[in-house]
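Data block below; observations after.
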Amino acid sequence: MGFFDRYLTEPPPPVRRTVARPASSRPTSVLPGVAPLELVLARTDDVAVAIPVLLGYPNGFEFHLAVRLRSADEEHRFGTLLYGAPGPGGRIATGDMLRLGVVYADGRAGTNLGFRHPHLPPADDRLHFVPEGGSGGGGSYDIRYWVHPLPPAGSVAIIGEWPRFGVPETRIEVPAQTILDASARAVSLWPEPEEVVYDVEPPGAAPGAASTTVAAYTSSLNLSLDPAGSAAPEPADPQPRD
């Protein structure tokens, strides 16, 4: 075996699962209808939270959240805190996070304080409200949220609260018709795939087993380098073996 062969060995393949595409997932083959909202959810001397645009799909909508901080995020924590996370027993884990909620006219509601796997359907007919990703850094962040299904007639309430910055519970109303009109302008490009594939842990494995397998594979090379950059020899065993 050549010197570089061990470096070029392919890692083990990911453990994957195939399921029927849930009706609650955001379509990937649709050009959404656009509704420019330019709504300000919160604004203080230190932070501003706004919803500049909403995208309508045949089975739901996506809204973009723009967060601007007066001072740069020196601790690099907001990328996580903006998504929200459940604490023990479903309680709020910290007052640092931005809390978001969506409420329909028929009383259905969802928040960013809980999270179900986005590839799996909701357990019941509750609102499906999950983060779809985002980007940012310093004092500027942009995050996308997916909401399923489309709302009934009336108003859609978007509620926010951010204790860290002294933002009290604030509620803005979006006419449901604005969302429905954007959805009606959506254009389907081609049929959606009937199945989705995603990486999972092996059945019955302890949490993190798949990642542990990859880490073990990497560490099994045991290729520490000496200061000159060449592969260092294995250290001598200080104890004699029987």
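The values are calculated or read from the model by the stated rules, or taken from the named source; none is laboratory data. Keep in mind that this is a model prediction, so the values were computed, not measured. A quick note on method: Cβ atoms are made from the backbone with ideal geometry, for glycine too, and the neighbour counts reach across all protein chains shown.
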Exercise. Has the range 14-22 got any residue that is part of a loop (DSSP other than H, G, I, E, B) and farther than 18 Å from residue 130 by Cβ?
Worked result: yes
Exercise. Mind checking which residues of the range 1-32 are more than 22 Å from the chain's Cα centre (by Cα) and closer than 21 Å to residue 181 by Cα?
Worked result: none
Exercise. Has the range 64-80 got any residue that is surrounded by 14 or more Cβ atoms within 10 Å (Cβ to Cβ), modelled with pLDDT of 95 or more and under 24 Å from residue 176 (Cα atoms)?
Worked result: no
Exercise. Going by the conditions given, is residue 46 loosely packed, with under 10 Cβ neighbours inside 10 Å and over 22 Å from the mean Cα position of the chain (by Cα)?
Worked result: no
For this session: Return yes when residue 123 is out of contact with any Lys or Arg (no Cβ under 6 Å at 6 or more places or on another chain) and either hydroxyl-bearing (Ser, Thr, Tyr) or modelled with pLDDT of 95 or more (or both) and no when it is not.
Result: no
Seminar exercise, completed: (1) under 25 Å from residue 70 (Cα atoms); (2) of a type in the set (A, V, I, L, M, F, W, C); (3) modelled with pLDDT of 90 or more all hold for residue 176 apart from (1)
Exercise. Taking the range 151-164 as the region of interest, how many residues are buried (at least 18 other Cβ atoms within 10 Å of the Cβ) and hydrophobic (A, V, I, L, M, F, W, C)?
Worked result: 3
Exercise. Which of the residues that make up the range 128-150 are in a strand (DSSP E or B) and either closer than 15 Å to residue 23 by Cβ or not assigned by TED's automatic domain parsing to the domain that holds residue 47 (or both)?
Worked result: 128, 130, 146, 147, 148
